[in-house]
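Heads up: the structure comes next, in structure tokens.
The values are calculated or read from the model by the stated rules, or taken from the named source; none is laboratory data. Only a predicted model underlies this, so the values are computations on that prediction, with no experimental measurement involved. No Cβ is skipped: glycine too gets one built from the backbone with ideal geometry, and neighbour counts run over all protein chains shown. For the accessible areas, the whole protein counts, side chains as well, though only heavy atoms, and no ligand, DNA or RNA atoms are used. Shrake-Rupley method; radii C 1.70, N 1.55, O 1.52, S 1.80 Å.
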Amino acid sequence: MKNAKELMLEYTAFSFREPKKAAEMFAEDGAFELPYLATFGLPTEYKGRDAIAGFFQSVLDIYPGFQFENTKVLIDTPDQVFAEFEASAVSSKTGRTVHQLFFSRLVAENGKIKLFREALNTFEVARANVRDSAGLF
């Protein structure tokens, strides 16, 4: 059975290349949370494998080729891990490159992801995806 660190490293290695496979890493009632998406009026929680896979696919639709890299595990216990990782991708909406430094907490239960809570830079998301007629972005 995989511990939290093993799940984090596996998740960041391939998650957005294979949304359904990544969603299978979650417990049936597992949740993926991005609290700062509330800034855009978007849902902040995706619960269950189908919802999680759908969200991951929507990210790939906007950022084809999106992939995490440079994973650094900062806190490691058998059931929880906290890590930082990066991603750079080009927005299909604007052609702009987005670079993110994420930080995340993963809670493991019975070898599956029970909770994955992730934070991201919402300004960077807006800058990469919003066409700005005033030339600010």
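Summary of computed values
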{"quantity": "Contour excess over end-to-end distance, with Cα ends at V59 and A38 and 0.36 nm allotted per residue", "calculated": "6.0 nm"}
{"quantity": "Inter-label distance for R96 and Q67, nm, one decimal - labels placed 7 Å from Cα along Cα-to-Cβ", "calculated": "2.5 nm"}
{"quantity": "Computed [θ] at 222 nm, helices only, for the chain once each DSSP H run of length n ≥ 4 contributes -39500 (n - 2.57)", "calculated": "-8000 deg cm²/dmol"}
{"quantity": "Cα shape, the range 44-90, gyration tensor, a/c 1.5 rule", "calculated": "oblate"}
{"quantity": "Amide N of the range 1-34 lying under 13 Å from the label point, which is placed 7 angstrom from the Cα of E45 along Cα→Cβ", "calculated": "29-34"}
{"quantity": "Links that overshoot a 20 Å alpha carbon limit, given the list K20/K47; K20/K114; K21/K93; K21/K112; K21/K114; K47/K114", "calculated": "K21/K93"}
{"quantity": "Surface share of carbon and sulfur [accessible, 1.4 angstrom probe, percent] for the chain", "calculated": "53 percent"}
{"quantity": "Length-normalised contact order of the chain in % [C-alpha pairs under 8 Å, at least 6 apart]", "calculated": "27 percent"}
{"quantity": "Per residue accessible area in Å² of the chain, where ligands, DNA and RNA are left out and the probe is 1.4 Å", "calculated": "53 Å²"}
{"quantity": "Inter-label distance, nm, simple model (7 Å from Cα along the C-beta direction), N121/K21", "calculated": "2.9 nm"}
{"quantity": "20 Å Cα-Cα reach of K72 towards aspartates and glutamates, excluding residues that sit fewer than 8 places from it in its own chain", "calculated": "E6, E10, E33, E84, E86, E118"}
{"quantity": "FRET efficiency, 1/(1 + (r/R0)^6) with R0 22 Å, evaluated for F14 and S88 via beta carbons", "calculated": "0.85"}
